[in-house]
Amino acid sequence: MKSLFDWHQLYAILTDVQKHLVPGQSEIDVVATLRSVVLMRSLEMISEVILSGFQLSLYSVNECPLAYWYLARVLEPHLTRLDEIIEVLPNSNPLFEFQFRCAACV
């Protein structure tokens, strides 16, 4: 399992690569899709950390509203990335997995 820092580095590399690429004629921008996958995974890890704080009762009563607010701020772009990825997946098992994840987050 990669750390969040490793995912962030990979996202930065893909962003740099995308800046230097000439836009192609392809319908699917592979680098942009990879960036969405990496960002989705990073946001997934952040939400897991926030939720594990609730499971372990790490938050005080005063911190809970902030943790819920931050979780909502993380889940919104996470769902947006899922929608972007679903659009380019063919009709296959990975597509059904992403659709299930998307439905589970709502």
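Taken together, the values in this text are just the output of simple stated rules run on the coordinates, not laboratory data. The model shown is predicted, which means the values in this text are computed figures rather than measured ones. Counting neighbours? That spans all protein chains shown, and the Cβs are built from the backbone with ideal geometry, glycine included.
Given a Förster distance of 25 Å, report the FRET efficiency between His20 and Val88 from their Cβ-Cβ distance, rounded to the nearest 0.05. Could the numbers behind the result be given before it?
Details: r = 22 Å, r/R0 = 0.87.
FRET efficiency, His20 to Val88: 0.70.
Using 0.36 nm times the number of residues separating Leu4 and Cys64, minus their current alpha carbon distance, what extension gain do you get? Mind dumping the intermediate values first?
Details: separation 60, 0.36 × 60 = 21.60 nm, distance 2.29 nm.
That works out to 19.3 nm of additional length.
To check my understanding: the extent here is largest minus smallest coordinate of the Cα atoms along each principal axis. What are those three numbers for the range 1-79, in Å, largest first?
53, 22, 16
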